[in-house]
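Shown next, in structure tokens, is the structure this report addresses.
The values are calculated or read from the model by the stated rules, or taken from the named source; none is laboratory data. Just so it is clear, the model here is predicted, and its values are computed rather than measured. Cβ sites come from the backbone with ideal geometry, for glycine too, and all protein chains shown count toward neighbours. Accessible surface areas use protein heavy atoms only, side chains included; no ligands, DNA or RNA. Shrake-Rupley method; radii C 1.70, N 1.55, O 1.52, S 1.80 Å.
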Amino acid sequence: MKYGTIGGIPTPVSRIFLGTASAPFVSGGDGSELLEAALAEGINALDTARVYGRSENSLGRWLEKGENRKRVVLLTKCGHPAEDGTRRVSAREMRRDLETSLEALRTDWADIWLLHRDDPETPVGEIMEAFQEAWEQGRIRAFGGSNWTAARIREANAYAAAHGLRPMTVTSPQFGLAAQVEDPWGGNCVSVSGPAGAADREWYRENGTAVVAYSSLGRGQMSGRVRSDDPASAERLLDSFAKKGFLYPENLERLRRCELLAARKGVPVARIALSWIFHQELNAFAVVSTSRTEGLRENALAAELPLTGEEAAWLDLGQEEA
């Protein structure tokens with residue numbers, strides 16, 4: 001497993017985060033076997049959120065056992081819109097969600113705490129002051145935004161610098177070889193994939209912000225289950241969000257190239273697609289969910305698979321032949 005650093009986190013962080021927006025976590029089931037298997041593969045980072053069903057409760061039961069809390073880097077999120085779409089990006093809602101999350105997780109602190117969405121009508125000063133308060137209380141170590149644009153993070157960090165506060169050091173947008181063409185969920189879901197995300201990626205390269213990529217395999221389109229020469233497989237296997245966000249000709253071509261390169265290297269397609277993320281000169285981490293312990297090893301190996309610059313460019317619709 002490869003590791004990276006995230007500002008505010010004192011320990012190395014695995015380049016792969018185990019995502020918990022899936023079984024058995026969302027139903028509140030016992031994920032102990034999966035969590036122990038992840039640690040055995042060197043995956044020490046966990047991604048959850050207030051709105052991932054009962055995943056925080058599932059994790060909490062495991063975290064309170066023995067030294068488990070000290071073995072992992074824990075990321076959770078706050079401020080997701082209400083079911084009726086009402087925005088919840090405010091200091092009040094942040095405090096409320098943090099209290100609820102820590103109680104469910106049965107811990108005193110979150111290593112990484114992110115706002116799940118942004119609301120441009122909420123001043124960045126209110127948000128950064130709330131983050132600073134939680135940090136001073138020892139309840140969080142690093143913080144940032146999920147589905148925040150680079151421009152808003154720049155604005156937030158400029159406020160922090162002007163007022164002697166800690167900056168955001170983490171962003172969690174959609175990022176992967178499969179470009180998000182349409183917003184699958186609505187509510188300002190932000191992607192830095194594809195040509196449209198080039199400027200944001202360049203800014204993150206320059207300042208070393210940790211990019212924790214969600215939907216890193218295009219919600220399963222780049223997992224190897226879907227075949228580029230069998231569009232019907234995508235219709236059968238992908239959910240409506242994956243189809244809306246990722247099922248487009250350009251991504252099927254990226255998948256075709258992954259399949260070719262995977263065959264040449266004798267590795268699974270998903271390993272190629274995940275490895276691509278770690279060859280973009282970003283301080284990148286990939287969130288990957290799986291309900292199979294055997295899938296964890298594949299995810300871990302992806303962080304170590306070498307790609308040449310030519311191969312990485314070709315996969316992303318560069319020159320005709322790698």
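For the residue pairs K2/K70; K70/K243; K65/K244; K2/K243; K65/K243, the C-alpha atoms sit more than 29 angstrom apart in K70/K243; K65/K244; K2/K243; K65/K243. For the peptides 34-40, 5-11, the ranking by packing is 34-40, 5-11, with the highest mean count of neighbouring Cβ atoms within 10 Å listed first. The loop-placed GluC sites (Glu not before Pro) in region 37-105, going by DSSP, that have at most 16 neighbouring Cβ atoms within 10 Å of their Cβ come out as E64, E67, E83. Taking every protein chain into account, the accessible area of region 47-123 amounts to 45 square angstrom per residue (probe 1.4 Å).
Considering the chain, its Cα convex hull presents a mean projected area of 15.4 nm².
Accessible surface computed residue by residue for region 163-275, with neighbouring protein chains in place and a 1.4 Å probe, gives 40 Å² per residue. Scaling the Cα radius of gyration of region 2-68 by the globular reference 2.2 N^0.38 Å produces a ratio of 1.11. Remark: relative contact order (region 153-260) = 29 percent; criterion is Cα-Cα distance under 8 angstrom and separation of 6 or more residues.
Using every pair of distinct Cα positions in region 186-322, the Kirkwood expression returns a hydrodynamic radius of 15.5 angstrom. Computed in the context of the full set of protein chains, the accessible area of region 194-322 at 1.4 Å probe radius has 51% of its extent on carbon or sulfur.
Its residue count N sets the reference 2.2 N^0.38 Å, and the alpha-carbon radius of gyration of region 1-141 equals 1.04 times that reference.
For the set S291, S223, the ranking by accessible area, highest first and with no ligand, DNA or RNA atoms included, is S291, S223 under a 1.4 Å probe. Accessible area per residue was computed with a 1.4 Å probe on protein heavy atoms; W135 scores about 90 Å². Of all DSSP-defined beta bridges confined to region 1-116, some 15% are antiparallel rather than parallel. Expressed as a whole percent, the accessible area of region 13-164 that falls on carbon and sulfur atoms is 46 (1.4 Å probe).
Sorting K77, K70, K265 by accessible area puts them as K70, K265, K77; the probe is 1.4 Å, largest comes first, and only protein heavy atoms count. Pairs of Cα atoms nearer than 8 Å and 6+ residues apart set the relative contact order; for the chain it is 18 percent. Here, region 54-134 has an Rg and a Dmax of 13.6, 43 Å when only alpha carbons are counted.
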